[in-house]
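The structure appears right after this line, and notes come after that.
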Amino acid sequence: MTQTEALKEYLLRLADSDMILGQRLCELCGKAPALEEEMALMNVALDLVGQARNWYEYAAELIDDGRDADKLAYRRDAHDYRNLLMTEQPNEDYAVTMGRQFFFDAWHYFTLKSLAGASDERVAGIAAKALKEATYHLRRSSEWVKRLGDGTEESHRRMQDAVDILWRFTGELITPDETDQLIAKAGIGPDPEQLKADWQGLVTEVLTQATLTPGAEDAWMYMGGKHGEHTEHLGFILAEMQFLQRAYPDATTW
Amino acid sequence: MPQPGDSDTRSAVDILIASDRVPANARPDLLTEDDIWALLDEVKDPEVPAVSVVELGIVRAVHWDGRDLSIDVTPTYSGCPATELIEELIAEALRAAGFRDPNINQVLTPAWTTDWITDEGKEKLRVFGIAPPQGSSSKLSLLGEPEVIACPHCGSQETERVSEFGATACKALYRCRECLEPFDYFKCI
């Protein structure tokens, strides 16, 4: 794999993870548990979709086969999607929604922090902007994990259940593959060992404050999202998200 | 024909309707770069119409050689849905002044920060009822406590944050414990 091929792949991963989590959050539009929470969720979703577009636009330029950002988002099927499995997991209750957000935000924050200093100027520019947003995303999701974990008996039980349910998807966040290694070596992406240490450090700190128990370090981990092997949920997300472009390709008047 | 420096009292919709009406007798070649900045200062943010896109720090640069004009703009947030509309409003204002083919470039670097909002812009936000961003974005900590925000209505510092997120990406929701009015705070990023 050349460095350019690795970069194309890596950009799609960033874009797809942002896009799918943004789409997941948007499912809560109109039915979030409180008005302020709904605004917050939609704000976060909007940031993520905006970041996805920035990454897709750069990816489209490098891929250079006539597809633009919209085509990359709306005309690829599940096996071409490169998002982290964490991002496609269903919203379930609010503990799962915020737990998923927290595990992702912690990964996103440290990843973007590193990308903001990338040797590739375009990557650095997009990441520096996204980092400002990921910072308040992480602040908010970690506050929720603490509030629910260190809250009532029921909120604690639900938050611990959420950690247990989602733990199996955390390994993928911090386990590098060939692409991650190449991108790190090129001075673009984070050093995998550092990313893992930063992520684990923050997650342990927040879960401890939240009186929650993390999963086992040697727990079985589901991986494959980065290579297009997804859980059963992604197809349903895409079916809804891509419906209009599939039914009316290139429609320009709504 | 609108003259540079004229106060443009038309609404965003009027400007959109007036599109493709480049005045036949306009002489944009006589305008200076300062005139163009003044012209852009009349373009209001569609979501916060109290301030202009120049006061918000969205317009980053004007490149004008007397023949070709290009404007650098930067989005406030990655997903700000007003970005396209703002670019369109800028293009319309320039066309109305006689520029036939203004070039609008989107630049991401350096990333927009509330530090770029001018002092005049901040005061206009406050008068409009939006508490302006306080302090410097560089002092924000990851897990820090929210800052003390003065109520834009009565000036009291006895305020509380209702939600870190408000009606648009750039605002948070606060409430004043003195005058009991809710208000928006323009978040510091």
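FYI, it's all coordinate maths here, none of it is from the lab. This one's a predicted model, so the numbers in the text were calculated from it and none came from an experiment. Cβ coordinates were reconstructed from backbone atoms using ideal geometry, including for glycine residues, and neighbour counts include every protein chain displayed.
Normalising the average separation of contacting C-alpha pairs (under 8 angstrom, six or more residues apart) by the number of residues puts the relative contact order of chain A at 26 percent. From the Kirkwood radius over Cα pairs of chain A, Stokes-Einstein at 10 °C and 1.306 mPa s returns a whole-number translational diffusion coefficient of 86 µm²/s. Dimensions of region B:55-166 from C-alpha coordinates, computed as largest minus smallest value along each principal axis and given longest first, are 53, 30, 23 Å. In region A:1-123, the inverse of the mean reciprocal separation of distinct Cα atoms equals 15.2 Å; this is its Kirkwood hydrodynamic radius.
Compactness of region A:53-152 is given as radius of gyration and Dmax, 16.1, 54 Å, from Cα positions.
Any idea what % of Cα-Cα pairs in the protein assembly as shown are farther than 35 Å? Taking all Cα-Cα pairs of the protein assembly as shown, the fraction more than 35 Å apart is 35 percent.
Give me the orientation-averaged projected area of the Cα convex hull of region A:75-119, in nm², one decimal.
Quarter of the Cα hull surface area: 4.5 nm².
Computed from point charges on the beta carbon alone (+1 for Lys and Arg, -1 for Asp and Glu), the dipole magnitude for region A:56-124 about its Cα centre is near 160 Debye. A DSSP coil position with no more than 10 other Cβ atoms inside 10 Å describes the following trypsin sites (Lys or Arg not before Pro) in region A:10-50: A:Lys31.
This ranking places A:Ser17, A:Ser155, A:Ser142, A:Ser114 by how few other beta-carbon atoms lie within 10 Å of each, fewest first, which gives A:Ser155, A:Ser114, A:Ser142, A:Ser17. A dipole drawn for region B:12-106 from +1 and -1 charges on Cβ atoms has a positive end, and of B:Ser52, B:Pro28, B:Gly79 the residue lying farthest that way is B:Pro28.
The orientation-averaged shadow of the Cα convex hull for region B:43-88, equal to a quarter of the hull surface, comes to 3.4 nm².
Once every DSSP H run of n ≥ 4 in chain A is given -39500 (n - 2.57) and the sum is divided by its residues, what mean residue ellipticity at 222 nm do you get, rounded to the nearest 500 deg cm²/dmol?
So the calculated ellipticity at 222 nm is -22000 deg cm²/dmol.
Arranged by the count of other C-beta atoms within 10 angstrom, fewest first, what order do B:Lys44, A:Lys226 take?
B:Lys44, A:Lys226
Partners of A:Lys132 within straight-line reach, counting lysines whose Cα lies under 16 Å from its Cα and excluding those fewer than 8 residues away in the same chain: A:Lys113, B:Lys139, B:Lys171, B:Lys187. Scaled against 2.2 N^0.38 Å for its residue count N, the alpha carbon radius of gyration of region A:106-254 is 1.24. For region B:151-189, the set of GluC sites (Glu not before Pro) satisfying both a DSSP loop assignment and a count of at most 13 other C-beta atoms within 10 Å is given as B:Glu158, B:Glu178.
Over all distinct Cα-Cα pairs of region B:12-106, the Kirkwood formula returns a hydrodynamic radius of 13.4 Å. Lacking any other cysteine beta-carbon closer than 4.7 Å, the following Cys residues of the protein assembly as shown have no compatible partner: A:Cys26, A:Cys29, B:Cys80, B:Cys170, B:Cys188.
Here r is the Cβ-Cβ distance between B:Ala38 and B:Asp72 and R0 is 22 Å; the resulting FRET efficiency, rounded to 0.05, is 0.80. Volume of the convex hull of region A:1-68 (Cα atoms only), normalised per residue: 75 Å³.
Residues of B:153-163, mean number of Cβ from any other protein chain within 10 Å of their own Cβ, rounded to a whole number?
1
Put in order of Cβ neighbour count within 10 Å, fewest first, the listed residues A:Tyr248, A:Tyr10, B:Tyr185 become A:Tyr248, A:Tyr10, B:Tyr185. Modelled spin labels at B:Val22 and A:Asp65, positioned 7 Å past Cα toward Cβ, are 3.9 nm from each other.
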